[in-house]
Amino acid sequence: MIKGIRGFKDILPEETPAWSWLESRARELLLRYGFSEVRLPILERTELFARSIGEATDIVEKEMYTFVDRSGESLTLRPEATAGMVRAFIEHGLHVRPRPLRLFTIGPMFRHERPQKGRLRQFHQVDVEVFGEASAGVDAELVALALEILSAGGARDLRLEINSLGCPECRKPYRDELRKFLLARRDRLCEDCQRRAERNPLRALDCKKESCQAEFREAPGLSSFLCEDCREHYQAFREYLREAGIRFEENIRLVRGLDYYTRTIFEIKAPGLGAQDTVAAGGRYDGLVSALGGPETPAVGFAIGMERWLLTARPPQDLRPAPELFIAPLGEEALRRALWLALHLRRKGLRVETDYGGRSLKALLRQADRLGARMVLILGEEELRSGRAILKDLSSGFQQVLPFSDLRDLSNRILIEILF
């Protein structure tokens, strides 16, 4: 037996209704907020992620699924969606469209990490991006949207953390100061943070090891290094959140694991998920479009992790619709009639199931009950001879005899029975 790959999970029929329900909640709100859906390829050129995410990040150095195809080109399964969205924005000239341009995509991402609760090697995200607007008001609006989407799926007691990473100009002196701080404690840091201290000191602050976090408690914060423009933007962001009635916590050591972020960053956390409790995260990336060859374009976005959202969600108990009618055919002639009738009633809008296995009436009624069917139409040899079928309501046990001439209008009869 060939088994699935570790960290790549099958989503089975009993699970997919909850996934579809959450996706529909997200799509409904995104369309209400003026977003349009984009469907992006899962394969991109490796250089797209190396240039956008940053070569000194864990994602690029250790986590990407990268291979050389038959033409000798290095390709990578996307580890996140923003870089691909920006590539599409540039390649298709979307910058000429009215601004701000609001786009979203939903789909799988891939990272070779240790599989854990709520994060597998193939995981899924709702990715949301806004291009062409520099105002902190859009940052706050996206935070409100992310909270609303998560809440629409039943998530409760969400906690918002915010910070500003500044711009490249004011972040450089902070990086230098943080590097000095980390190098002075290098012997007490984990192997990854020792490496990050030299190459990407901000990334070290995102380490999940308690021993490293204990060392970082005295680390300098970026807020005292912000230039005037970044300070004003961050202040405006907080004022917009307060005006919207959104509670937040400032976390001066909050960073993101991708190099393209500037200014606003945020994470939304949910209770009960342990150390990996972030269900949505995002921020501003004003320099990424130009860095990838496009025009200067401010941009901001966020992503919701579907697997973690599912762990906090409260979908309705029974999302998989039961058949409204089960046709129970008895005998070869009845089987042929059942096929035609099932097709006819489905075209009329009914959810209909039947069985072609030639089983007994008792077995067929048991199957109809297991499927949750409201009604059963019994077609046997006697019914075929008399030109009548038996329609049985499984919930009440009431049954009635219908002439075959009435079967064409059976969809209307069943709908009336169900509604009234």
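Give me the percent relative contact order of the chain, please, defined on Cα pairs under 8 angstrom at least 6 residues apart. Walk me through the intermediate numbers first.
Values: 713 pairs, mean separation 66.4, N = 420.
16 percent.
Compute the Cα gyration tensor for the stretch 76-210, then decide on rounded, prolate or oblate, letting a ≥ b ≥ c be the square roots of its eigenvalues: rounded whenever a/c is under 1.5, prolate when a/b is larger than b/c in the other cases, and oblate in all that remain. Mind dumping the intermediate values first?
Working: a/c = 1.71, a/b = 1.43, b/c = 1.20.
It is prolate, given that a/c is not under 1.5 and a/b is the larger ratio.
Going by average Cβ neighbours within 10 Å, how do the peptides 3-14, 231-242, 92-103 rank, with the highest at the top?
Taking the mean over residues of other Cβ atoms within 10 Å, the ranking is 231-242, 92-103, 3-14.
Starting from a Cα-only point model with no solvent, please compute log10 I(q)/I(0) by Debye for the stretch 325-413 at q = 0.16, 0.19 1/Å.
-0.55, -0.80
Distance from the Cα centre of the stretch 278-292 to that of the stretch 119-154, in angstrom?
The stretch 278-292 and the stretch 119-154 have Cα centres separated by 12 Å.
Would you work out the charge dipole size for the chain about its Cα centre, treating the Cβ of every Lys and Arg as +1 and the Cβ of every Asp and Glu as -1, and quote it to the nearest 20 debye? Intermediate results must be reported in sequence, preceding the final value.
Details: 66 positive and 63 negative charges, 166 e Å.
Its charge dipole is roughly 800 debye.
Could you work out, for the chain, what percent of all Cα-Cα pairs fall into each 10 Å distance bin, beginning at 0 Å and stopping at the bin that holds the largest distance?
In order of increasing distance, the bins hold 4, 18, 24, 19, 12, 10, 8, 4, 1, 0 percent.
Residue farthest toward the positive end of the dipole of the chain, with Cβ of Lys/Arg at +1 and Asp/Glu at -1: which of Ala214, Val138, Gln400?
Gln400
Once the Cα gyration tensor of the stretch 54-117 is found, what semi-axes does its equivalent ellipsoid get, as square roots of 5 times the eigenvalues, in whole Å, sorted largest first?
Numbers: eigenvalues 140, 57, 24 Å².
Computed over the stretch 54-117, the values are 26, 17, 11 Å.
Quick one: 3J(HN,Hα) in Hz for the stretch 83-96, Karplus 6.51/-1.76/1.60 with θ = phi - 60°, rounded, Gly and Pro as x.
For the stretch 83-96, the Karplus-derived couplings read 4, x, 5, 5, 4, 5, 4, 6, 4, 9, x, 5, 5, 7 Hz, x marking Gly and Pro.
Rank Cys227, Ile304, Gly331 by how far each Cα sits towards the positive end of the charge dipole of the chain (+1 on Lys, Arg Cβ; -1 on Asp, Glu Cβ) and give me just the farthest.
Gly331
Any idea what Rg and Dmax come out to for the stretch 165-237 if you just take the C-alpha atoms, in Å?
That works out to 13.0, 40 Å for Rg and Dmax.
Tell me what the chain gives for mean residue ellipticity at 222 nm when only DSSP H runs of n ≥ 4 count, each as -39,500 (n - 2.57), the sum divided by the residue total, rounded to 500 deg cm²/dmol.
Numbers: 15 runs with 158 residues, N = 420.
When only DSSP H runs of four or more count, the value is -11000 deg cm²/dmol.
Peptides 372-379, 246-253: what's the order by average Cβ count within 10 Å, highest mean first? Write down the numbers at each step before the final one.
Numbers: 372-379: 21.4, 246-253: 14.1.
Put in order of decreasing packing, that is 372-379, 246-253.
Give the share of C-alpha pairs in each 5 angstrom bin for the stretch 231-373, from 0 to the last occupied bin, in whole percents, shortest bins first.
The calculated distribution, bin by bin, is 2, 7, 11, 12, 10, 7, 6, 5, 6, 7, 8, 8, 6, 4, 1, 0.
Placing unit charges on C-beta atoms (Lys and Arg positive, Asp and Glu negative, everything else neutral), compute the dipole magnitude of the stretch 325-413 about its Cα centre in debye, rounded to 20. Can you show the working numbers first?
Details: 16 positive and 11 negative charges, 61 e Å.
In total the dipole reaches around 300 debye.
Bear in mind these aren't lab numbers, they're just calculated from the coordinates by the rules spelled out. Worth saying up front: this structure is predicted, and the values here are computed from it rather than measured. Note: ideal-geometry Cβ built from the backbone for every residue, glycine included; neighbour counts use all protein chains shown.
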